[in-house]
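Below: the structure, in structure tokens.
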Amino acid sequence: MSREPQVRRVLVSGGSRGIGLRIAHAFHEEGNAVALLARDAEQLERAARSFGGDGQRMLTVAADVRSSQSVEAAVARTVEGLGGIDILVNTAAAPADQLVNRPIAEFDEDSLRAELETKTLGYLRTIKFVAPHFIAQRWGRIINIGGQSVRHTGSIAATVRNAAISALTKNVADELGSYSVTANVVHPGFTVTERTPELLEGIAVRTNSTVEEARKRLEATTSNRKLNTADDIAALVVFLASERGSVINGEALHAGGGVAGSIFSY
């Protein structure tokens, strides 16, 4: 069995905020080096300050995952800055609540193209340029962040982009598994991040309820009767990236505290 590096080098796309930033912190808190990739240079700078100025184990890379050239350069910059890459975590995507859905007769094709370009092809691009490094060192971890909409209707763009991520992940797992590289996708449920207060206020307004009532309504949709936190998702990702998680490969893990009242046998 290939040895896991003592200090891992982690690249997190979409790492400047939300779940991606919390995942980066979780790896960093365990002594690993992390690189944050995102489009917004100012947001990256703010995210970098949250690491306490640890310049030796922290790097920011401004890049647009919609551009192969930009991603290729970002991966090269990360390899140069961290000395290599051991773990790739993909989170770069528009939040699901920002996706506008319309009846099929009025569906805007460009909205789906935009989501596939950013999330599906964006994930594919980072994997494409990181994979040669994993193959050369015969060790690597890829964790893609999808979403629970993969199991639910209501947004064509959200469902299709996450289903595509599951398919992409399994293909990559089968291709790279013999090099001690694993690839898995995590589909979080509603997850508490810095945007949650705003989201709950919006739900409260739409449902003519209080923020607390809106929160309890969301909690009731889970078997655990509570909402995920970004720390919950980060802990799962860190486990999948460890040697202990090496037997899990090509899988789609649904991390939403359980969907109350539903049975999924696949």
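The values are calculated or read from the model by the stated rules, or taken from the named source; none is laboratory data. Bear in mind the structure is a predicted one, so any value in this text is a computation, not a measurement. As a convention, Cβ positions derive from the backbone with ideal geometry for all residues, glycine included, and neighbour counts pool all protein chains shown.
Table: residues versus (1) assigned by TED's automatic domain parsing to the domain that holds LEU21; (2) part of a helix (DSSP H, G or I); (3) surrounded by fewer than 12 Cβ atoms within 10 Å (Cβ to Cβ); (4) β-branched (Val, Ile, Thr).
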position: GLU198; (1), (2), (3), (4): no, yes, yes, no
position: ALA204; (1), (2), (3), (4): no, yes, no, no
position: ASN208; (1), (2), (3), (4): no, no, yes, no
position: GLU213; (1), (2), (3), (4): no, yes, no, no
position: LYS216; (1), (2), (3), (4): no, yes, no, no
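Does at least one position in region 165-180 carry a residue that is under 22 Å from VAL12 (Cβ atoms), at pLDDT below 95 and not polar (S, T, N, Q)?
Checked region 165-180: no residue is under 22 Å from VAL12 (Cβ atoms), at pLDDT below 95 and not polar (S, T, N, Q).
Return the residues of region 138-157 that are surrounded by fewer than 19 Cβ atoms within 10 Å (Cβ to Cβ) and closer than 17 Å to ASN249 by Cβ; say none if nothing qualifies.
ARG138
Going through GLU194, GLU213 one at a time, which residue ends up being over 19 Å from ILE87 (Cβ atoms), touching a Gly at 6+ places or on another chain (Cβ under 9 Å) and either of a type in the set (D, E, K, R) or modelled with pLDDT of 85 or more (or both)? Spell out the reasoning first.
Values: GLU213 fails: touching a Gly at 6+ places or on another chain (Cβ under 9 Å).
Exactly one of GLU194, GLU213 is over 19 Å from ILE87 (Cβ atoms), touching a Gly at 6+ places or on another chain (Cβ under 9 Å) and either of a type in the set (D, E, K, R) or modelled with pLDDT of 85 or more (or both), namely GLU194.
Going by what's in this entry, would ARG161 be described as of a type in the set (Lys, Arg), assigned to a loop (DSSP other than H, G, I, E, B) and out of contact with any strand residue (DSSP E or B) (no Cβ under 8 Å at 6 or more places or on another chain)?
Taking the combined requirement at face value, the residue does not satisfy it.
Given the structure, is GLY177 closer than 21 Å to ILE127 by Cα and part of a helix (DSSP H, G or I)?
Criteria met by GLY177.
Report every pair of residues separated by at least 6 positions or lying on different chains whose Cβ atoms are under 8 Å apart, first residue within region 167-185 and in the same structural domain as LEU116 (by TED's automatic domain parsing), second surrounded by fewer than 20 Cβ atoms within 10 Å (Cβ to Cβ) and in a strand (DSSP E or B).
Listed by first residue and then by second, the contacts come to ASN184/LEU253; VAL185/LEU253.
Go through region 238-266 and give me each residue that's of a type in the set (D, E, K, R) and over 21 Å from LEU168 (Cα atoms).
If the condition is that a residue be of a type in the set (D, E, K, R) and over 21 Å from LEU168 (Cα atoms), then GLU243, ARG244 are the ones that fit.
Hey, any hits in region 91-102 for a residue that's buried (at least 23 other Cβ atoms within 10 Å of the Cβ), in a loop (DSSP other than H, G, I, E, B), modelled with pLDDT of 95 or more and touching a helix residue (DSSP H, G or I) at 6+ places or on another chain (Cβ under 8 Å)?
Checked against the condition, which is being buried (at least 23 other Cβ atoms within 10 Å of the Cβ), in a loop (DSSP other than H, G, I, E, B), modelled with pLDDT of 95 or more and touching a helix residue (DSSP H, G or I) at 6+ places or on another chain (Cβ under 8 Å), region 91-102 yields at least one hit.
Would you be able to tell me the number of residues in region 46-75 that are closer than 15 Å to VAL12 by Cα and among the charged types (D, E, K, R)?
Total meeting the criteria: 3.
If a residue has to be of a type in the set (Lys, Arg) and in contact with a Phe, Trp or Tyr (Cβ under 9 Å, 6 or more places away or on another chain) to count, how many in region 102-161 make the cut?
Matching residues across region 102-161 total 3.
From the list VAL259, VAL238, which residue is in the same structural domain as ILE23 (by TED's automatic domain parsing), touching a residue at least 40 places away in the same chain (Cβ under 8 Å) and surrounded by 13 or more Cβ atoms within 10 Å (Cβ to Cβ)? Break it down into steps so the answer makes sense when it comes.
Values: VAL259 fails: in the same structural domain as ILE23 (by TED's automatic domain parsing).
Going through VAL259, VAL238 in turn, just one is in the same structural domain as ILE23 (by TED's automatic domain parsing), touching a residue at least 40 places away in the same chain (Cβ under 8 Å) and surrounded by 13 or more Cβ atoms within 10 Å (Cβ to Cβ): VAL238.
Being part of a helix (DSSP H, G or I), assigned by TED's automatic domain parsing to the domain that holds VAL34 and in contact (Cβ under 8 Å) with a residue 12 or more places away in the chain is true for just one of ARG141, ARG113, ARG125. Which residue is that? Explain how you work it out, then say what you get.
Details: ARG141 fails: part of a helix (DSSP H, G or I); ARG113 fails: in contact (Cβ under 8 Å) with a residue 12 or more places away in the chain.
Unique residue meeting the criteria: ARG125.
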